[in-house]
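K.L.:
Sending over a structure as structure tokens; questions will come in a sec.
Please treat every number below as a calculation from the coordinates, not as lab data. Note that the coordinates shown come from a computational prediction; the quantities given were computed from them, not determined experimentally. Every residue, glycine as well, gets a Cβ built from its backbone with ideal geometry; the counts of neighbours run over all protein chains shown.
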Amino acid sequence: MGLLKAIQASGWRGPVGILNHTEEDAEGRLTDNLAGLDWLVAQLEGRAAGPRPVPRTWKEPAQSKAVTERPRSRRRLAGRYER
């Protein structure tokens, strides 16, 4: 919302780009983003926005192995780490 407020306060009246930096379907992702933008603009203008849109293309990211594994303990020997 902060970015939209900054754009509004600047007086900008030109186009604003929406990018799809994902591997998801670009058309579906754009549809989701436009629904979210409509919802935010309604709030920005003081109109009833209704319920928050539910994205159709977003998926919960899988946790990487690095996040789910417990770190191995290390002990310091002669200025080096040894596992």
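K.L.:
Going by how many other Cβ atoms sit within 10 Å of their own, how do E24, E60 line up, fewest first?
P.N.:
On the way: E24 16, E60 5.
By the 10 Å Cβ count, ascending: E60, E24.
K.L.:
Output ³J(HN,Hα) for the range 46-52: one whole-Hz value per residue in order, computed from phi by the Karplus curve 6.51 cos²θ - 1.76 cosθ + 1.60 with θ = phi - 60°, and x for Gly and Pro.
P.N.:
For the range 46-52, the Karplus curve yields x, 8, 5, 8, x, x, 4 Hz.
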